[in-house]
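Input: a single structure, listed below in structure tokens.
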Amino acid sequence: MNLLTVENISKSFGELVLFENLSFGVNKDQKIALIAKNGTGKTSILKMLSGSDTPDTGQVNYRKGIRVSFLEQEPDLNPDLTIEETIFASDNEVLQVIAKYEKALANSDDADAYQHAFEGMERHNAWDFETQYKQILFKLKLEDFHVKVGLLSGGQKKRLALANALINKPELLILDEPTNHLDLEMIEWLEHYFAKENMTLFMVTHDRYFLERVCNEIIELDNGKLYSYKGNYSYYLEKKEARIEQEAVEHHKTKILFKKELSWMRKQPKARTTKSKSRIDDFTAIKEKASQRRKEHEVQLEINMQRMGSKILELHKISKAYPEKPILDKFEYNFLKGERVGIIGKNGTGKSTFLNILTGTDQPDSGKVIVGDTIKFGYYTQKGIPIKEGQKVIDVIREFGDYIPLMKGRQISAQQLLERFLFDRKKQYDFVDKLSGGERKRLYLCTVLIQNPNFLILDEPTNDLDIVTLNVLESFLLDFPGCLIVVSHDRYFMDKIVDHLFVFRGNAVVEDFPGNYSDYRAYEDSAALETRIEKEKTKETKSAKNSWKTDEKTVQLSYLEQKEYKTLEREIQKLEAKKETVQQQFTDGSLSGDAITKLSIELKEIEDAIETKTERWFELSAMME
């Protein structure tokens, strides 16, 4: 069933043409992601779908009567309403019934109003719905329903807007960067939520694991054209690579034909026949096709940064706390050359505070931070840099440096660095206030890198960056020879870049985990399974001690079932180990698209087997209780 049809839409801003005559549709149960470079029109398309903008040509048509929710990148919420009032402001009938019931509860003197509200809850079966929406708010860390929206942070507002969209249970949900401002636990919860809910999705996201696990179709906007891929992110990578190879072959053939036709054109007399005129027209078309170039850049730099001494960065018994919120408690660590550390943890556990202490923009309550004499920090913060009115892109970066020195006396200029980060020469002379949000983030990254630091600290660098830019940044960081600290909720990015993790647990607990994010998740899942098994064993032992009569009544397993129960424990543990091995293979940057697809299929089969066997294990456990 078709829910949305987009026909021949176009959008231009003055002489800048974003796209022309784009058409696509969204059908029930599809989970589609739109992929494109920053500044090529992703947000414009989403705004057209939401009705907040209109195309220059073409039209957007929804199926009559369907319920649609839209999550904007910067939500527009009423600052005077509380969190709960914002939820109840929806036109959802069940939410309005719950709102009346909550009001009747608050006004206990009016028995008739309470009775009427109670009957409404019964009639609409709203009790379960109330539980569900409160669970969503709890998962998104919005527990205090009475806080005014105006007092919330930008991240909390985004999470509230997401909660609002989910609670309305739309038939079509349109999302602009849904994982921004979510910590890793929230993102994984959202993945599971979309997996179990019967909801059609159309989204823009840079989170590649989210794309892999949630989406079943990807639409790519590339050089003004739409390409559709009926599969997840791994499938998209494989098929895109094949498409580019085919285009390269066709391009080569076109160049050969162009040379042949050019030779013919030069030999022709001035008087043209009808037949030769047709061939000339064909020649013009071939020439245009042959002159096309793909504007894609890969960073391959041998950076000649300032040499590091033996002392890099030492933390001695660092403590930091805010009222009723401890961040660090006598934390100690000595950084070594070439360290690549990822930092993960829930929002509010002190990750950004930790980075500020390292760079001296914040001070610890006690302890010492000793920075080596040769260390030059490059610090990418979430705030970005202030842009002066009338500044051009090239002017901004030249304020911070003119070039990066490379090995063997070479260098990369500010212009060349911008080109590598997808700002072509024409774009470099655009005014900064014309850039999209993602393009500004990309420019900010360039201002940090042009200063040639040897200790790079990146606080959420992947927010608002498109997938193409993320690949460029990853290539740069893989070539970066200095120390690196990254705070990011982008699991794919972390897996590719870091060697070990600082896990901020909260309440000043920071653990050093030796591995990347997938290693950490596999370890946590395995530990959680072992804990569940141990609890069940403990329960079984206690039951045996308490009463032999109870055992006679409750132990209903046959000999074969008891044997199966014990076998399942061993099989589940083996599958968990196998899952961890497969997940580690994803971090190999040399994998082909075909290899990634095979690994994805294998991982899915292992996860399905774990789920089936665990379900059977719990079933047998319940029979023994």
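The values are calculated or read from the model by the stated rules, or taken from the named source; none is laboratory data. Note that the coordinates shown come from a computational prediction; the quantities given were computed from them, not determined experimentally. All Cβ positions, even for glycine, are placed from backbone atoms using ideal geometry, and neighbour counts span all protein chains on display. Side chains included, ligands, DNA and RNA excluded: accessible areas come from the protein's heavy atoms. Shrake-Rupley method; radii C 1.70, N 1.55, O 1.52, S 1.80 Å.
Within the stretch 324-349, the set of residues being touching an Asp or Glu at 6+ places or on another chain (Cβ under 6 Å) and part of a strand (DSSP E or B) comprises 334, 340. Inclusion of residue 311 among residues that are at negative phi, in a loop (DSSP other than H, G, I, E, B) and modelled with pLDDT of 75 or more is warranted.
Conditions (1) at pLDDT 90 or above; (2) open to solvent by 10 Å² or more (accessible area, probe 1.4 Å); (3) part of a loop (DSSP other than H, G, I, E, B); (4) out of contact with any helix residue (DSSP H, G or I) (no Cβ under 6 Å at 6 or more places or on another chain), marked per residue:
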| position | (1), (2), (3), (4) |
| --- | --- |
| 165 | no, no, no, yes |
| 169 | no, yes, yes, yes |
| 174 | yes, no, no, no |
| 179 | no, no, yes, no |
| 187 | no, no, no, yes |
| 192 | no, yes, no, yes |
| 203 | yes, no, no, yes |
| 206 | no, no, yes, no |
| 210 | no, no, no, yes |
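For the stretch 1-106, the helices (runs of 4 or more DSSP H) that sit wholly inside it and include 1 or more residues that are buried (at least 18 other Cβ atoms within 10 Å of the Cβ), touching a residue at least 60 places away in the same chain (Cβ under 8 Å) and more than 24 Å from the chain's Cα centre (by Cα) are 83-88, 93-106.
Which residue is least open to solvent (accessible area, probe 1.4 Å), if the candidates are limited to the stretch 314-338 and must be of a type outside the set (A, V, I, L, M, F, W, C) and modelled with pLDDT under 90? That would be 338. Residue 236 meets the conditions (1) touching a strand residue (DSSP E or B) at 6+ places or on another chain (Cβ under 6 Å); (2) open to solvent by 50 Å² or more (accessible area, probe 1.4 Å) in every case but one. The failed one is (2).
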